[in-house]
1. Looking only at residues that are at pLDDT 95 or above and of a type in the set (Gly, Ala, Ser) in segment 58-95, which one is farthest from LEU42 (Cα to Cα)?
2. Regarding LYS315, is this residue loosely packed, with under 13 Cβ neighbours inside 10 Å and closer than 21 Å to GLY83 by Cβ?
3. I'm trying to understand the selection: among the residues of segment 292-320, which are out of contact with any Gly (no Cβ under 6 Å at 6 or more places or on another chain), touching a residue at least 24 places away in the same chain (Cβ under 8 Å) and not in a loop (DSSP other than H, G, I, E, B)?
4. Which of the residues that make up segment 321-336 are surrounded by fewer than 21 Cβ atoms within 10 Å (Cβ to Cβ) and assigned to a helix (DSSP H, G or I)?
5. Identify the residue in segment 106-132 that is among the polar types (S, T, N, Q) and surrounded by fewer than 17 Cβ atoms within 10 Å (Cβ to Cβ) and, among all such residues, is farthest from ALA76 (Cα to Cα).
6. Tell me which residues, restricted to segment 81-105, are of a type in the set (Phe, Trp, Tyr) and surrounded by fewer than 18 Cβ atoms within 10 Å (Cβ to Cβ).
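The values are calculated or read from the model by the stated rules, or taken from the named source; none is laboratory data. If you're wondering where the values come from, they're calculated on a predicted model, not measured in any experiment. When we count neighbours, we look across all protein chains shown, and the Cβ atoms used for this are built from the backbone with ideal geometry, even at glycine.
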Amino acid sequence: MDKKCIVGLCFIMATLGAVNGYGQTDSVVKPPVYQVGIFAPLFLDSVFNKNTFRYKQGVPRFIMPAVDFVQGALIALDSLQAGDDLIDARIYDTKSFSQPVGVLIRDQKLDSLKLIIGSVRDDDYIQLAAFALEKNIPFISVTYPNDAGISGNPFLVIMNSTLKAHCDAIYSFILQNHGTDKIYLCRQKGEQEDMVAGYIKQMNEQDGKPLLAIEILNMDENLSASFLKSKLDSNSNSVLIGGSLNETFAGGLAKICSDLYKTYPITLIGMPNWDGFTSLFKNKTLIDFPVYFTTPFYNEKNDAFSKSLTNAYYKKYHGRPSDMAFKGFESVYLFTKLLVKYPHNFMNNINDASLTVFCDYNFKPVRQRRDIAIPDYFENKHLYLIKILNGNISKAW
């Protein structure tokens with residue numbers, strides 16, 4: 001794997017900058033050129049000394065998500081080059097020593113872009129969002145599930161939905177499918193846990209009074225089967241919202257629910273990051289007990305695009321693409337196609353379902369204040385409810 005990744009890094013270094021795709025051209029009428037910037041924290045200046053790889057022990061793990069993202073993006077660009085459109089795509093390393101995002105903006109190196117696609121966060125995210133607003137360029141934030149406090153920016157598009165959007169989706173699912181069941185919000189102390197509780201409360205009390213009877217269970221010192229058992233009814237279903245992003249809490253709550261499941265009907269719905277908790281996938285004590293979570297990304301990988309990516313990735317890198325490679329491929333292919341189709345009206349057509357690649361998306365304007373006409377940003381509100389059962393995942397809703 002390390003050798004494969006080093007080869008991939010060398011390929012990225014060789015293609016860093018312009019990746020031009022040229023279709024058929026007319027000798028008289030020149031077709032438009034669609035300029036796309038793809039941003040990711042590759043840290044190439046840190047891992048290479050000129051063309052020599054610095055790390056003798058293998059590729060550092062902290063750069064792998066960005067490397068995989070860019071590898072998927074490059075395969076998407078290869079596919080796009082097979083068409084008739086002229087695409088001038090450029091890969092930018094946001095952790096470059098000489099040309100970080102701020103310098104690129106200052107030196108007007110990004111002024112010609114028509115689309116920004118990024119797997120970025122923190123200062124890079126904020127700088128690109130501000131630049132996108134200034135220049136009226138759509139900025140697709142692919143992987144960062146946060147608005148970073150940005151407001152009044154109708155050119156920012158968040159693919160990886162925020163925690164609030166996930167809480168809204170969980171609440172909507174419960175309202176539609178479990179409105180008459182007992183509902184509990186299980187939590188521990190913490191800032192993120194306060195946010196989850198606040199979002200659920202906001203959804204449940206939009207008219208000033210609770211629509212659903214949701215009881216909050218503070219389980220810092222009561223994460224035990226006996227405490228939870230005292231709240232459950234063996235004759236009716238209970239829905240438990242796992243209102244914490246902590247893996248220890250999630251694993252403990254799931255274990256308790258699994259122990260009580262045969263006697264007390266329980267539906268346990270966790271937070272979006274539960275998809276990465278090994279304690280929920282490789283825990284033999286959770287046999288036959290389903291755990292649910294929400295995600296904006298779900299792909300069974302049986303479609304033509306997935307097979308094409310998998311085959312191309314193997315030919316180039318002799319391995320299987322990771323989820324980040326799929327995200328890089330999808331975001332670049334989908335939104336570049338959208339730019340080509342709607343070069344002058346991109347944002348008004350961002351939900352064109354005819355261009356779907358892997359996942360379904362529903363981008364809606366978000367306004368923190370109802371009296372403001374301009375959206376703070378656009379966010380994907382289409383979330384899948386996924387079931388973890390015996391170490392496998394499947395779409396539940």
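1. Across segment 58-95, the extreme among qualifying residues is ALA76.
2. Values: loosely packed, with under 13 Cβ neighbours inside 10 Å: yes; closer than 21 Å to GLY83 by Cβ: yes.
It is true that LYS315 is loosely packed, with under 13 Cβ neighbours inside 10 Å and closer than 21 Å to GLY83 by Cβ.
3. TYR292, THR294, THR295, PHE305, SER306, SER308, LEU309, ALA312, TYR313, LYS316, listed by residue number.
4. Answer for segment 321-336, where residues must be surrounded by fewer than 21 Cβ atoms within 10 Å (Cβ to Cβ) and assigned to a helix (DSSP H, G or I): just ASP323.
5. Of everything passing the filter in segment 106-132, GLN108 is farthest from ALA76 (Cα to Cα).
6. PHE97
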